[in-house]
Amino acid sequence: MRSLYISALLSAGMLCNLLTSAIGYADPQPSAAATSTPSTQSPAATYTLPPVVVTATRTSITPDNSTSYLALFTHEDVEQTPALAVDDALRDIPGFNTFRRSSSLVTAPADDPEAQGITLRGVGPGGASRALVLLDGVPVNDAFGGWIYWDEIPLNSIDRVEVVEGGGSDLWGDGAEGGVINIISKQPSNSNNLQVQGSYGNRDTTQDAVSGDYLLGPIKVSLEQDLFNTDGWDIVKSGFRGPVDHASSSIHDLSGARLEFDPGNGISTFLRGSFYQEYRDLGTAFRSASATRGFIDGGGSYDDNAGDLFNTSVYAHISTYHETFSMENVARTAETPSQTQSVPSTDVGGLLSWTRTFLKYHTIAAGGDFRLIDGTCYDNFYNTSGTAIDDRRQSSGKQQFFGAYLEDLYRPLEQLEIDVSVRGDVFTNVDGKIVDTPTTGPATTQTFPDHARTATSPRLGVRYEPWKWLTLRMGLYEAYRAPTLAELYRQSSVEDLILLPNPKLSPEFLEGGEIGAQFRGVSGLTLGWTGYWDYLHNPINNVVTSVNPVTGADAERTRENLGRARIRGYQADLQYDFDWINLCQWSRYHPGLSLTANYLRSEATLTSSPPDPTLVGRRLALVPWDTLSIGLRYSDSLLGEVWVQEEYQGKQWEDSDNHDLQPSYWVTNLTWSRSLPHLSNASWLDASTAYLKVQNMFNNQYVIDLGGDIPKIGTPIMVVGGLTVPLSL
């Protein structure tokens, strides 16, 4: 059950494996909610240990000891979420939003992966994410554009997710401006096994997976294969569709492998890799998108048993993204191709970290990392009739990031913790150029000067517990984000709205703070409250630079640095676990019931805008004013697990001049799962689990995009049922 600073169960083995994992902050053992069960020989009582997280610091802490706002999407949440993709699952966390609040299953708007850029707690907007997404500590934000390939990380491969909101550049550098999302993958089990999952749902949706672990002494090998397919839905709102429109669909698959070697002498190493590919039909005859991603990561850790722990890792992504764009007439009876695009990019990176406890009360963490990015955007532009290509453009550049950090976690008392950290970064843009080759006329080349920037990102956090039932927190931080190669050089479009890059963009800088409190004075009840106030300097936004002279609709938007924005608000969290031991002593089915509620109020307002002073006082586009999630979970040994979710997204502006409003909406989600009886004569077959997932149960239609004055809608009702079968080998 996820909530602020949730209490969960954790085996001692998980902690040991955390310290000896391949990249210590990245690879804890699965199950953040494991229970120690007494054996038949020992009647000892069960006990629990709090989960260990490492995203809020570079050292191991428990959620109750964190000085930052920390949300956990636990192993239990991952297993029982009604969602089919990670981004949909994380919408249960307050403050999590994708740029276009659309599901990655069928990304809308129809023509841009930037729809999946994310923001946390109102720090936005923009197609390039303003939060850093990690997979076991390794950045997975696309190197060229900053967007996320969410389907590259299947839910069945995840153990849990740690989300830290507020500036995180003090430890994680570029991209962690609004926070950090660390996705912790499942680790190989300690036995030979095979797990098969199959599911089917409406819209011909299938989600199938096979994974297995094999042990040979100190060597562990894990393999996985995941496949998802859906016929999708019409993303254009009814009443606006025409003959050119049909359902948007997607298919994607992932193959992955992991090798670990742990001889037991304090040294452990690992090597893992994956290959991901996807294809999307974007709802018309001409529009489509595809991507391939290769990933490799290797490293190790060393624990000298004297207090020093070293971790290192080196990784690389090789990506290629293809997309076709088009324009339709007003009646949507005819479609004209307008642009084709191919974006190959490569990034390599590495990290090294060290931790040690000094003088009993100080835990010191230090380290450094780097990331090198090289990308090119190849565009072909059609003439106005769409019959021939009349211009070819090649936009390219390189980015280099180098950073080092130092953190001191000082705990003079059990009730008091002070976390001081600082990081320095150097980042450069080099070899930026745009080569334009029209079919008639000479080619032109624009080159952009190389430049280097530095950033210093400090943070101070304090946690104080005056009483066992009350915890107080505060934090002050600075963070930054450099513009991506896509923001600098990539041109795209949504319907007939052109989105232009800007090679002159400057980095964004965030400064702010938060205060919070947690109350646990009533048995089973946890209440949390956090208030925050941030200033975002030089926010990159899409500014209207041209309008249709006939309709007045936006015809062109260009990325610009806008001066300063103020982002402030508060969030409240509630979790209540009902005491069914006393209420239901009569029941032999051991029922359980819990309630969670999370509310976020955010006000993101532009307070300075030299490029366009008329925007001062306007709200930042695509930042909802309110978000709310309510969850009710029931379980018993007869029915199984039932989780009902209510999710609310408040209204938000579509554009920077606050002209087009996207209304608020509610959706209801449900999931049911139950372990099936074990076959006593099949020792090789473990207990299987049947499940049913329902998204948008009442089929509410809600708008997620108004680009080109053509409303796009979000996920309609999705019903998927399946079976997971674990096998012992």
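For the reader, a short list of remarks on this structure follows.
- Here the calculated FRET efficiency for Leu416 and Asn700, from their Cβ-Cβ distance with R0 = 41 Å, stands at 0.30, rounded to the nearest 0.05.
- Neighbour-count ranking [beta-carbon atoms within 10 angstrom, fewest first] of Ser313, Ser338, Ser594: Ser594, Ser338, Ser313
- For Thr437, net neighbour charge (Lys/Arg +1, Asp/Glu -1) across residues whose Cβ lies under 12 Å away: -2
- Within the shell of other residues whose beta carbon sits under 11 angstrom from the beta carbon of Lys398, the net charge comes to -3, with Lys and Arg scored +1 and Asp and Glu -1.
- Here the mean projected area of the convex hull built on the C-alpha positions of the chain is 31.6 nm².
- Reach of Lys398 by Cα under 19 Å, taken over aspartates and glutamates that are not fewer than 8 positions away in the same chain: Asp142, Asp174, Asp347, Asp369, Asp374, Asp379, Asp425, Asp431, Asp436, Asp450, Glu487, Glu508
- One chain, two ends: Asn548 and Asn329. Fully extended at 0.36 nm per residue, the span grows by 77.4 nm beyond their Cα-Cα distance.
- Those residues of segment 370-403 whose amide nitrogen sits under 14 Å from the label point placed on Thr440, 7 Å along Cα→Cβ: 383-385, 388-391
- Spread of Cα-to-Cα distances over 10 Å intervals beginning at zero, given as percent, for segment 435-554: 10, 23, 22, 18, 14, 9, 3, 1
- Cross-link reach list, lysines versus Lys651, counting only Cα pairs under 18 Å and skipping chain neighbours closer than eight places: Lys237, Lys712
- For segment 253-366, diffusion coefficient by Stokes-Einstein and Kirkwood Rh (Cα), 25 °C, 0.890 mPa s, µm²/s: 135 µm²/s
- For the listed peptides 618-625, 299-306, a ranking on the average number of other beta carbons within 10 Å per residue, highest first, reads 618-625, 299-306.
- Prolate/oblate/rounded label for segment 615-729 (Cα gyration tensor, a/c 1.5): prolate
- Computed over segment 272-324, the range of Cα coordinates on each principal axis works out to 64, 15, 12 Å, biggest value leading.
- Global geometry of segment 63-172, whether rounded, prolate or oblate, following the gyration tensor of its Cα atoms and the 1.5 cut on a/c: oblate
- Using alpha carbons only, the radius of gyration of segment 361-440 set against its Kirkwood radius gives Rg/Rh = 1.42.
- By the equivalent-ellipsoid construction on the alpha carbon gyration tensor, segment 323-380 comes out with semi-axes of 53, 16, 5 Å, ordered largest to smallest.
- By the count of other C-beta atoms within 10 Å, a proxy for reagent exposure, Arg58, Arg356 are ordered fewest to most as Arg356, Arg58.
- Global form of segment 168-267, assessed from the alpha-carbon gyration tensor, a/c cut-off 1.5: oblate
- Fraction in percent of alpha-carbon pairs per bin - 10 Å, segment 589-629: 23, 29, 20, 13, 8, 5, 2
- Here the Debye sum runs over all C-alpha atoms of segment 625-673 as equal scatterers in vacuum, and log10 of I(q)/I(0) at q = 0.17, 0.27 Å⁻¹ comes out as -0.61, -0.93.
Computed from the coordinates by the stated procedures, all read-outs in this text should not be read as laboratory data. Not measured: the values here are computed from a predicted model. All Cβ positions, glycine included, derive from the backbone under ideal geometry; neighbour counts span all protein chains shown.
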